[in-house]
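Read through the structure below, which is laid out as structure tokens, and then see the notes.
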Amino acid sequence: MTRGTLIYIGQRVLLIVVTLLVVSFGVFAAVHSLPGNAFISEHLHGAALASVLHQYGLDQPIPIQYWNFLKGAIHGDLGNSFVIQGEAITPLVLRELSVSMELGGAALIITVGLGMLFGVIAAMRQNTWVDYLLTTIAVIGYSVPSFVLATLGILLFALALPDWTFSLFGTAIGYPLRWQGTYGDIVQLSLPAIALGFYTSGQVTRITRAAMLDVVQQDYIRTARAKGLKSRVVTIRHALRNAMVPVTSILGPLVVSIIAGSVIIENIFGIPGLGKEFVRSITSHDYNVTVGVFTIYTLLIGVANLGVDLLYTVIDPRIRY
Amino acid sequence: MATTITAPPTTVTEYAGGTLAREQVSLWRDGWRRLRRNKLALAAVVYLGLLVVVAVIAFFWTPYKPNAIGTCDTYAVPSGAHPFGCDELGRDSLSRLMVGTQVSLAEGVGTAIIVLVVGVTVGLIAGYFRGTVDAVISLIINIFYGIPALLVALVLVVVLGQGLLNIMIAISATIWMDMARLVRGQTLSLREREFIEAARASGAKSGKILFGHIFPNAMGPIIVQATFVIPIAILTGAFLSFLGLGVPPPQADWGGMASEGVAAIRYVTHIVTFPSIALSVTLLAFNFFGDGLRDAFDPRQKR
Amino acid sequence: MLEVKHLSTSFFTDDGEVKAVRDVTFDLFPGETLGIVGESGCGKSVTAMSVLGLVQRPGKIVGGQILFKDRDLTKLNSEELRQIRGRDIAMIFQDPLSSLNPVLRVGFQIDEAMFAHDKIAKEDVPERGVNLLKQVRVPDAQRRVKDYPHQFSGGMRQRAMIAMGLSNRPELLIADEPTTALDVTVQAQILELLRDLNQEMGTSIILITHNLGVVAGLCKRVVVMYAGEIVEEGPVEQIFESPQHPYTWSLLRSLPRVDEKRHERLKSIEGLPPDLIAPPPGCKFNPRCPFRIEKCFSEDPPLEMVGTAQQAKCWVTMKRAYAEMNAATITDTRPGAASGVRPPAELLQVVADLRTLEEPEVLETLAENPQLLEQMVSEEPAALEQLVADHPAVAEKLVTEETAAAVDGAAEDEKSE
Ligand SMILES: Nc1ncnc2c1ncn2[C@@H]1O[C@H](COP(=O)(O)OP(=O)(O)O)[C@@H](O)[C@H]1O
Ligand code: SF4
Ligand SMILES: [Mg+2]
């Protein structure tokens, strides 16, 4: 690794830190300034409420509260949940993160795999019905909301596999809508992951197709053909390798998209991941959890972006920071 | 009958000059022609036109009052009186769907307008003044790219409250960056061109140069980009509603209806079906239209 | 060894059929070096790509034969062609940077060419790769094979390309503008390298260039192309000494010469090559030719013998031009300058241009230039008829315009009475 690369990584890490600070403070200040809190529902009044607030440090000014949060966060302690009383947030969030990563990772593989495959085929068959079909599927991909796809999937499963029925509904339509245990098995994972990955795969298809069409015009593709390489080799080794550069550039936004989608998907399928936790926390005023999840996701995106930048240098040897 | 020629003969050079002068105009005209030839985009425009008509009609007339409870039985299946059936509270789905059109279109177009205003202003400023201003704006843009979009929107809706305008602001906060970056890039390249130099040399104010000269010249890509904001905004709005943080009840909207439909999926499927179809087709139409616009006006993307 | 007979290759674009190569015939003997010259856009590369079957959609070989060792390459299927490419016939290209894959190591790209065919034993490949680089004089070859193309200089990249081209010991090497992107000293080195290869290994070479000077240094025979056609062909010395086609003559004039003062400005040929969709009728060089005669505008000259082993495609030829038009003393090289012949009507060109446009544009142009239509009616009814055949809507306009003009004319007449 060159000096330049190290400097670059340093800058990126700095950006991640700045982003984390700005974002966590923003979210912290925003949610803590909201009227109402998690304890209202418990009918606490007067001294009892004051003592609970004091216990959580909620009676202090927001900057002080944030400072305390920050001190904890640096040591990996994101505080305690208001609602699930006494529950430490860090282990909770990490466990849920691992579930979300399993789902999101599967979705990312589907997205990139399917998207690139479709993109390459569409480009190779440019302006044929195959191309039109695949590009139309791509547009449908990023037009149909993931919850629609998920619902459709559930219904189809129920039609195709009426016997495969055990579900929270206890009725005849039966995709197992509740995640069994903490992690899902492949079968359980498949439908949510497809519903989640299909949306972004459309974008990958479109970028891959455009990149391939651009690359196959390049002189080095002509050279590769003039050498007498098999067309499969030309396509994969010479064209696709180069087409992966622009595809890599959307991996960062892709991760953001998948996180957004996972919030929906986890809620539909009852998957105990970060996205579900986030919605629960924000609707039940469990703001320490809200801030914690937000921070974790921001960190995740930062790391993913850094990873993508380093991936660039692997895919394209010309890129050096 | 051959007429006598009185006009001076046309020479090749004159002819060529005419072609050159027409080139600028024909760029736009070619674009429109390509767009008109794109059947899919055309169909999308027709559909979207109909959608606007439905939205307008829904202001004055719906088969039933959209929020009236008990117009028929809970989960009544589609029938002559209620073509799209009824929901859990016995509200007429068709009426609610019609009113939901207003919400989706408002979210889409409203957000696009906010994104346009914010993104164009920020992008113009960053690109034109460069230096520290640009560095700060670019940092802000990068920070926004580094945070989970939908979660930001969710927090903002909770903080600002579940009003339509607040929702649009919340969605805008997650997608303004692409527009700002696009305009910044366009501005950076345009500000070096002669006609901008000339305007500056003649003492025009920065504001005048930015909005009078640079903005109009960057119009094409900006419009295309704004078109793509609409479906993303509608989708995000539907996500918010689906999670219970969209427009407040009892206001009907597609995302919320779909959410109710999913909840009812073990009893009936029609409740989730119609809003899902409406959303999907509408988003599809906006995307086809946007693709059509881009293919027509961005020659690099020409198939 | 290679016989190209009546080769025609076209690109079928939205604007029409671009006839990039028309009826090109030439041959090449084992060990021979042939130059193909012409301005850029005249079809040299497309000719070469046709030989290797590398022309891609929307391009297509529309006629002719390419006989290589008694096999017609135009009849082979894609797998048979693939086996010939790089193995029997290799090709190297103009821009060595864009012609090498940026994400693969140079050594790998050379080895890959050998692995694609079984001419070189697999186990010998890596070593041969290094040796080839040494042979084309890349310093420190052992280490350089692991570099990426962007780490090579321009000249070294072209050497690497040549090494790649030679890796399977091909019988024919087609070099398409191998020196154009390089600076002068490197150019000379690359040419020397090609010459050595030809002499030592007996590889036949087709050298494509727009620079006649480059041909002089390497080739025995030269083919001159213009607008997709061969306009002159013959031994290099003969062509240099007495070019017979005005185009070749002009090309030679534009060469900087040793006996001329250094800083004398390079003379370039006036005008541009014709539109290959709708080239001018008659000789395609007629819009730019100083020696053109009337016949040149209506009839296309055949490629004919003009000396021992020399052919030219011209009604006039320089022999006559020297004798009758004082070409020796010509200073003005503008079209028609020597012969004083003007084209029959520039209107024809306008009509040809119009025919390439879309109908609404045609109508608009006609509306903008009202006299154009009148002029066509009176001067070029045949061309107008063609235009109407392409764009029937013009006919309607014709009727109204004509009648309107007639009415106008009548009114004028009345007034003047
Ligand atoms: N892919 C293509 N599509 C359309 N026309 C092409 C294409 N490639 C080449 N041509 C046409 O073929 C003509 C000859 O090109 P080329 O053989 O590359 O010229 P050169 O003599 O400079 O090598 C060009 O004038 C161009 O108009
Ligand atoms: S003299 Fe006539 S035939 Fe010969 S090159 Fe000129 S125009 Fe063509
Ligand atoms: Mg060429």
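A few comments on the model shown:
- Cα gyration tensor shape of the range C:274-337, rounded if a/c is under 1.5, else prolate or oblate by comparing a/b with b/c: oblate
- Helix B:219-242 axis, angle to chain B major axis (alpha carbon atoms, nearest 10°): 10 degrees
- Contact surface A-B: accessible area buried, both sides summed, square angstrom, 1.4 angstrom probe: 3700 Å²
- Per-residue accessible area (protein heavy atoms, 1.4 Å probe) orders A:Val17, C:Val106 as A:Val17, C:Val106, starting from the largest.
- Nearest 10 degrees, 0 to 90: helix A:251-269 Cα axis against chain A principal axis: 60 degrees
- Peptide C:211-223 - average C-beta neighbours from other chains (10 Å radius): 0
- C:Asp14 accessible area, assembled protein chains, probe 1.4 Å, Å²: 130 Å²
- Protection proxy ranking, peptides C:134-145, B:109-120, average beta carbon neighbours within 10 Å, highest first: B:109-120, C:134-145
- Helical mean residue ellipticity (222 nm; -39500 (n - 2.57) per DSSP H run of 4+; nearest 500) of chain C: -12000 deg cm²/dmol
- The residues B:Ser202, B:Ser189, sorted by heavy-atom accessible surface at 1.4 Å with ligands and nucleic acids left out, run B:Ser202, B:Ser189 from largest to smallest.
- All other residues whose Cβ lies under 15 angstrom from that of B:Gly237 are scored, Lys and Arg at +1 and Asp and Glu at -1, for a net of -2.
- Placing +1 on the Cβ of every Lys and Arg and -1 on the Cβ of every Asp and Glu, with nothing else charged, gives the protein assembly as shown a dipole about its Cα centre of roughly 3000 debye.
- Gyration tensor (alpha-carbon) shape descriptor, chain A, a/c threshold 1.5: oblate
- Chain C: relative contact order in percent, alpha carbon pairs under 8 Å with at least 6 residues between: 15 percent
- Accessible-area value, C:Arg334, 1.4 Å probe, nucleic acids and ligands omitted, Å²: 130 Å²
- Mean Cα-pair separation over length for chain B, i.e. relative contact order, pairs under 8 Å, 6 or more apart, %: 24 percent
- Selection from A:Gln218, C:Phe240, C:Val125, by position along the positive dipole direction of the protein assembly as shown (Cβ): C:Val125
- With a 10 Å cut-off around each Cβ of C:103-110, the average count of Cβ atoms from other chains is 3.
- Mean-position separation - Cα centroids, the range C:136-183 and the range B:30-58, in angstrom: 55 Å
- Degrees separating the helix A:129-143 axis from the principal Cα axis of chain A, which is the longest one: 10 degrees
- Among the residues of A:145-153, the average count of other protein chain beta-carbon atoms within 10 Å of the residue beta-carbon is 6.
- Accessible surface ranking that places the most exposed of C:Met325, B:Met219 first, with a 1.4 angstrom probe: B:Met219, C:Met325
- Residues in the range B:261-283 occluded by at least 10 Å² - accessible area, probe radius 1.4 Å, against chain by itself: B:Val262, B:Ile265, B:Arg266, B:Thr269, B:Val272, B:Ser276, B:Leu279, B:Ser280, B:Leu283
- Flagged links, alpha-carbon separation over 29 Å, of C:Lys220/C:Lys295; A:Lys230/C:Lys60; A:Lys230/C:Lys313; A:Lys230/C:Lys220; B:Lys39/C:Lys44; A:Lys227/C:Lys146: C:Lys220/C:Lys295; A:Lys230/C:Lys313; A:Lys230/C:Lys220; B:Lys39/C:Lys44
- Rolling a 1.4 Å probe across all protein chains gives C:Ser99 an accessible area of roughly 0 Å².
- Normalised per residue, the volume of the convex hull around the Cα set of the protein assembly as shown (Å³): 257 Å³
- Shape call, chain B: gyration tensor on alpha carbons, a/c limit 1.5: oblate
- Under the Karplus curve 6.51 cos²θ - 1.76 cosθ + 1.60, θ = phi - 60°, whole-Hz ³J(HN,Hα) for the range B:185-193, x wherever Gly or Pro sits: x, 4, 5, 4, 7, 6, 5, 8, 6
The values are calculated or read from the model by the stated rules, or taken from the named source; none is laboratory data. Given the structure is predicted, the values throughout are model-derived calculations rather than measurements. When we count neighbours, we look across all protein chains shown, and the Cβ atoms used for this are built from the backbone with ideal geometry, even at glycine. With ligands, DNA and RNA removed, areas are computed over all heavy atoms of the protein, side chains included. Shrake-Rupley method; radii C 1.70, N 1.55, O 1.52, S 1.80 Å.
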